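Sharing a structure with you now.
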Amino acid sequence: MIDDLYYIEKHAYCISPIHRLDARIKLLLTLAVIVAIVAVPYSPKVIELGIIFILFFSVLWAVSRLSPGVYLRRLVLILPFGIFLIIFQIFFKNRYYEVFHPVLSLPFGIEVYAESVEFASILFAKFIVSVSFIILLSSTTRMQDLVDASARLGLPREFTLPLGMMIRYLFVFAEMFGKIRAAMETRCFDPLDRRLPYRYRLRQLGYTIGTIFIRSYEQGERTYTAMLCRGYGSDCTLHTRAKPLTRGEVSLFAASLFFIAASTLVVCLRG
């Protein structure tokens, strides 16, 4: 997971028209797509709209000049968190259908219903579209830029300040963990090595986790003390420099928003 953290931020520093686009536009477009696909009632129309949005995503991903492998790797990492819930839907009746037709009978009285398979497909379409645009946002936007964009959009300072600090010291924690892991590898310790006694591996992992917590606590104390010395207090705010949007960015945002809204209305009102 720590390596994935560096992997995600690495691609956000690439150069492309999508990378250079203001983070506020990318954030709002991502929210617009997610709201649009989620707001559509559960029906086969969701799959049609999902295909349109995936094509739109493919165009944006191609313009970002990132490899398809980057998207597939991140999708594989996220997929298990939602795919199991989606698969389980085929075994249950849901409130969106009145009549259910079994298509497969399994042992222990378990049945697979055609309507439940359709419902699972709709959920999968919503999931894939939402996750894909989130991957596009995280792959082309730096974490600090996301915080700045949220502040410029009016997110309260009670959220932006902790988020900014968390992002800044998340990599400090990752570097600390990397040093501890390198020290363990230097001593030829592998927690997955079955030749070592099980209790010994658990004890060493416990020591490692404890060391990380202690170092994190000490780093937090030093950081907080340094902040107090520089005048930090309850009335402090995170300064965010004003950044006006260019005419091209506004035009692109308006055109994309129109496309999202028009696609949703056409699919929902058609037949």
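No value in this document is a laboratory result; all are computed from the given coordinates. Just so we're clear, the structure is a prediction, and the values are computed from it rather than from any experiment. Cβ atoms come from the backbone with ideal geometry, glycine included; neighbour counts cover every protein chain shown.
Where Lys and Arg each count +1 and Asp and Glu each count -1, what net charge lies around GLN144 among other residues with Cβ under 11 Å from its Cβ?
Spelling it out: positives minus negatives among the neighbours equals -1.
Might you report the magnitude of the Cβ-based charge dipole of the stretch 156-229 about its Cα centre, with Lys and Arg at +1 and Asp and Glu at -1, to the nearest 20 debye?
Computed charge dipole of the stretch 156-229: roughly 340 debye.
Counting helices only, and only those DSSP H runs with n ≥ 4, report the 222 nm mean residue ellipticity of the chain as the sum of -39,500 (n - 2.57) divided by its residues, in deg cm²/dmol to the nearest 500. Each step should come with its number before you reach the end.
Numbers: 11 runs with 192 residues, N = 271.
Calculated at 222 nm, the ellipticity per residue is -24000 deg cm²/dmol.
Let me ask something else. For LEU60, LEU55, which order do you get if you count the other beta carbons within 10 Å of each Cβ and list the fewest first? Walk me through the intermediate numbers first.
Values: LEU60 18, LEU55 10.
With the sparsest Cβ surroundings first, the list reads LEU55, LEU60.
Between the stretch 17-57 and the stretch 194-226, what's the alpha-carbon centroid distance in Å?
Between the Cα centres of the stretch 17-57 and the stretch 194-226 lies a distance of 41 Å.
While we're on this one: What residues qualify as long-range amide H neighbours of TYR113, i.e. H under 5 Å apart, gap of 5 or more or another chain, H built at 1.01 Å from N?
Here VAL103 satisfy the definition.
Hey, another quick one. Counting other C-beta atoms within 10 Å, which of SER216, SER64 has the fewest, and how do the rest follow?
SER216, SER64
Here is a further query. List the trypsin sites (Lys or Arg not before Pro) within the stretch 75-134 that fall in a DSSP loop (any state other than H, G, I, E or B) and whose Cβ has at most 12 other Cβ atoms within 10 Å.
ARG95
Where in the chain is the longest stretch that carries no chymotrypsin sites (Phe, Trp or Tyr not before Pro) classed as loop by DSSP and with at most 16 other Cβ atoms within 10 Å?
Numbers: sites that count: TYR13, TYR42, PHE92, TYR96, TYR97, PHE100, PHE189, TYR232.
The reported range is 101-188.
Moving to a separate point now. Take the alpha carbon gyration tensor of the chain, find the square roots of its eigenvalues, order them as a ≥ b ≥ c, and report rounded if a/c is under 1.5; if not, report prolate when a/b exceeds b/c, else oblate.
oblate
How far is it, in nm, from the label point at ARG181 to the one at TYR97 when both lie 7 Å from their Cα along the line to the Cβ?
4.4 nm
What does the charge dipole of the chain about its Cα centre add up to, to the nearest 20 debye, if the Cβ of each Lys and Arg holds +1 and the Cβ of each Asp and Glu holds -1?
660 debye
If the chain between ILE83 and ILE214 were fully stretched, how many nm would it gain, using 0.36 nm times the residue separation less the Cα-Cα distance?
43.5 nm
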